1. Give me the extension gain from S304 to S114: residue separation times 0.36 nm, minus the current Cα-Cα distance, reported in nm with one decimal.
2. Taking a probe of 1.4 Å, how large is the accessible area per residue of the stretch 2-354, in Å²?
3. On a 26 Å Cα-Cα criterion, which of the cross-link pairs K38/K441; K296/K351; K34/K237; K64/K106; K34/K476 come out too long?
4. Residue by residue, what Karplus-based ³J(HN,Hα) values in Hz, rounded to whole numbers, does the stretch 21-29 have, using 6.51, -1.76 and 1.60 with θ = phi - 60° and x for Gly and Pro?
5. How would you rank 195-207, 448-460, highest first, on the average number of other Cβ atoms within 10 Å across their residues?
6. Once amide H atoms are built 1.01 Å from N in the peptide plane, which residues 5 or more positions from A8, or in another chain, come under 5 Å H to H?
7. At 1.4 Å probe size, with the rest of the protein present, what percent of the exposed accessible area of the stretch 2-354 is carbon and sulfur atoms?
8. Between G255 and residues 5 or more places away or on another chain, which pairs have amide H atoms under 5 Å apart, with H built 1.01 Å from N, and which residues are they?
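The values are calculated or read from the model by the stated rules, or taken from the named source; none is laboratory data. As the structure is a prediction and not an experimental result, all values here were calculated from the model. Note that we place each Cβ from the backbone using ideal geometry, even for glycine, and neighbour counts take in every protein chain shown. Ligands, DNA and RNA are excluded from the accessible area calculation, which covers all protein heavy atoms including side chains. Shrake-Rupley method; radii C 1.70, N 1.55, O 1.52, S 1.80 Å.
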Amino acid sequence: MALQVVSAVSNSSLLQPGFSLLNFDGHVFFFGQKGWPKRSCPTGVFLLDVKQNELKMKPAFFSKDSCYLPPLRYPALCTLRGNAESEEHQYIIHGGKTPNNDLSDKIYIMSLVSKNSKKTTFQCVEKDLGGDVPEARYGHTINVVHSRGKSMSVIFGGRSYTPLAQRTTEKWNSVVDCLPSVFLVDFEFGCCTSYILPELQDGLSFHVSVARNDTIYILGGHSLQNNTRSPSLYKLKVDLPLGSPAVTCTILPGGISVSSAIVTQTGDTEFVLVGGYQSDNQKRLVCNTIVLEDNKIEIVERASPDWTPDIKHCRMWFGCDMGKGSVLLGIPGANKQLISDANYFYILRCKGAEEDKEEELTAQICSQTSTDDPGDSTPFEDSEEFCFSAEANSFDVDDTDTYNEDDEEDESETGYWITCCASCNIDINTWVPFYSTELNKPAMILCSSGAGHWVHAQCMDLSESMLLRLSEANVKYFCNEHVDLNKGLQTPKKVVHLKKQPMKPLRKKSAMKLTTPTKKSFLRRLFE
């Protein structure tokens, strides 16, 4: 196992915990940035270009008949093939978090339309499902099983927000384990069916699942209710006869107590398990080999790579399977004080040089990777991984149209859960709607002081009528901390003094004698 340092060029801030990787024709694509996409890449999907130990990102495009795909973090993702031997595949994306921390319950199918050295185009379609549709969640897994010539997807685990009827002021946005139900999804007819199995008692999230033919093995995972990492190894077997499907579960010995681990495939029946956490404050630096043969699984410990001191001493790490035995690992940049990048990345190659040749990978992997998202409430566990069953050995693409992070805006200043002022009391775990227009995030208003910054309307003591008036009127608003400063910096308005017209003096009429006519003189003039 070889560890290679990779330098991220002008785009490391997009590679945050919770992203996914898609592999099409040997090329790896990034999906699930933190923050809404910008004009430079409205799809939020990028080609990962690795050359000379440098990691660059190039925007990808969607076809005109595609639906909108939000940048989902921590979704469940796996490949979908026509049959077990098919080389062409699509990707299923289910659930995940949006940049507003809303949870998605939608399922998307993404396929490659065209690709050349200049442009990559995808088609994304949202699938409509009926029946027992899984609730919105994240940190779960999805796999595809093949039985009797038919295929179905299996969804299990994850976390969701507390139901509205059970929410309290103190725990309004807290998360809970999803019920340990197994969902079968038939994409041909668009229907879902849930199964409750007695062997699955506790909800799990950020576990590892490996599928082969009609069998899925579930390993590890974290339970919020018990705050434990399951040491159990579950075997799900799905039978797809002409009638109703049958799902059975068996608990096997030899499991590993780990959460947020990463699985990569190194052979037709061989996988490597790396990363994750064995406790809340301890990373798991041990690696394992997983071998699937017929209807049995074997897990053995293998030699670990020579971890660098930065990896050994960092509090958290996250990563993704790149396919063909390679894993992309990231650690926070705070561990390297001399370098200013946000995160630092390594490529872990789990196969030897003599084994690094093209081979058909028929099994599917779905795992939840290690990370700690500063915006989420639960340490370490808020992460996701992806499913891979194709190679990722070629990055020979042209350097034109490389994504430039300088075109992006800073999302950190426009988040809903920032500390907007010294007296701000908005907390994601305790917040409840205050205005009638609020649903799942607090109302905010832009302060026009300086370069501008966002503040919570509730922290500014704005009434609902005033908030609506400000949103409709084309006027500048200044928060409580800057309203006095703004008044002091304003140039005093010029006072226009009214000109007083001077009074005209009366003319002296010395030559004219003004007399008042008497009655006698008046009668004399009348009769003359």
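1. Numbers: separation 190, 0.36 × 190 = 68.40 nm, distance 3.89 nm.
Value of the extension gain: 64.5 nm.
2. Per residue, the stretch 2-354 has an accessible area of 40 Å².
3. Pairs exceeding the cut-off: K34/K237; K34/K476.
4. 10, 10, 10, 10, 6, x, 9, 9, 10
5. Ranking, from highest mean packing down: 195-207, 448-460.
6. HN-HN under 5 Å from A8: L55, F345.
7. 49 percent
8. Residues meeting the criterion, in which the H sits 1.01 Å from N, are L233.
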